[in-house]
1. Between residue 53 and residue 191, what length comes free when the chain is fully extended (0.36 nm per residue of separation minus the Cα-Cα distance, one decimal in nm)?
2. Please arrange 189, 47 by how many other C-beta atoms lie within 10 Å of their C-beta, fewest to most.
3. Simple spin-label model, 7 Å along Cα-to-Cβ: residue 92 to residue 39 in nm?
4. With equal scatterers on the alpha carbons only and no solvent term, can you work out the Debye log10 of I(q)/I(0) for the range 173-311 at 0.11, 0.14 1/Å?
5. With springs only between Cα atoms under 10 Å, which of 267, 252, 234 fluctuates most in a Gaussian network model of the chain?
6. For the range 154-215 and the range 34-88, compute the distance between their C-alpha centroids and round to whole Å.
7. State the extension gain, in nm to one decimal, for the chain segment bounded by residue 142 and residue 157, taking 0.36 nm per residue of separation less the distance between their alpha-carbons.
8. Taking each pair of distinct Cα atoms in the range 6-308 once, what is the resulting Kirkwood hydrodynamic radius in Å?
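No lab work stands behind these numbers, since they all come straight from the coordinates. Note that the structure is a prediction, hence the values are computed from the model and not measured. Neighbour counts are summed over all protein chains in view; Cβ atoms, including those assigned to glycine, are modelled from backbone coordinates with ideal geometry.
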Amino acid sequence: MDKLIITAALTGNITLPTQTPYLPLAPQQIIDDAVRAADAGAASVHIHGRDPKTAKPTTDPAVYREIAAGIKARSNVIVCITTGGTAYMTPEERARVVPALKPELATFNMGTINFSIHPIADRYKDEDYKYPWEKEFAVSTKDFIFRNTFGDIEKLMQMMKENNTKPEFELYDVGHLYNLNFLVKRNIIHFPVWLQFVTGILGGIGANVDEVVHMKQTADRLLGMDNYIWSVIGAGYPAEFNLATLAIMMGGHARVGMEDNIFVAKGVLAKSNAELVEKVVRIARELGREIATPDEARKILGLKGKEQVNY
Ligand code: KMH
Ligand code: ZN
């Protein structure tokens with residue numbers, strides 16, 4: 001088995017500041033958290049930017065540049081930039097960070113789905129919210145269509161190729177493997193591919209062992225075992241750690257972080273993303289799986305290297 005690639009998804013686009021006081025929001029907080037997560041064992045950090053004044057998710061390339069450059073100055077960790085953006089953003093707005101930063105790695109969402117966090121709004125009273133946009137944002141996702149059509153995918157893939165950015169394919173359902181396979185057959189996507197099985201999002205497949213095994217078996221059948229490397233996201237607690245453990249045992253890789261889950265133990269908020277990484281490192285060590293350094297992960301994933309980015 002390859003060494004374990006741990007990705008830390010630091011702040012995300014769906015976790016509300018009201019949910020945890022430990023969510024890094026300002027660029028400097030995200031940089032500090034990234035460095036700590038890398039020191040704890042993350043080979044890759046998955047970056048979303050938030051508006052420095054409002055903490056609302058943004059795709060402003062200047063914010064991403066500040067974060068990515070700040071991390072690069074202090075750490076060798078791989079910086080994986082989101083192209084997922086968030087509700088209310090067009091595919092073009094979401095993609096603009098790729099030509100601007102030319103990152104080593106960027107997310108690539110492999111199909112259109114419902115993507116909702118509206119039940120979170122049921123948990124809070126109006127006066128509980130830290131920022132005025134949060135409630136409306138959460139409620140609005142009831143009608144949000146996370147758009148990733150074949151047309152969008154072709155355009156984004158072209159952009160990734162032009163900037164030599166490796167896609168991290170985010171697959172929220174088994175059908176997304178069929179989308180990917182279709183595009184491989186059309187010569188639009190090329191092997192080997194780096195896959196993230198995203199489970200537990202309202203709108204996608206559930207975060208359980210059966211679904212991950214089904215995704216893995218489907219990927220083996222459609223793509224062939226030697227043509228892909230996979231990682232898993234289990235959104236929520238305890239799914240994040242249960243599915244990370246499963247991936248560690250099955251030869252996959254794991255993503256943790258406050259984008260996906262805010263708890264380090266039942267009812268205990270993680271005080272940093274590093275705490276979530278440390279827990280996965282402990283589990284992996286107990287199971288005898290070694291942890292990949294950023295350079296080892298670069299080799300496994302076939303990345304261009306951090307000297308080739310534009311930040
Ligand atoms: N928000 C995650 C469930 C992206 O940023 O492009 C999936 C994600 C996608 O991280
Ligand atoms: Zn993300």
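1. On the way: separation 138, 0.36 × 138 = 49.68 nm, distance 4.11 nm.
That pair, residue 53 and residue 191, stretches by 45.6 nm at full extension.
2. By the 10 Å Cβ count, ascending, the order reads 189, 47.
3. 4.3 nm
4. Those come out to -0.45, -0.72, one per q.
5. Most flexible of the set in this elastic network: 267.
6. 21 Å
7. Values: separation 15, 0.36 × 15 = 5.40 nm, distance 2.85 nm.
Answer, rounded to one decimal: 2.6 nm.
8. For the range 6-308, the Kirkwood estimate is 19.1 Å.
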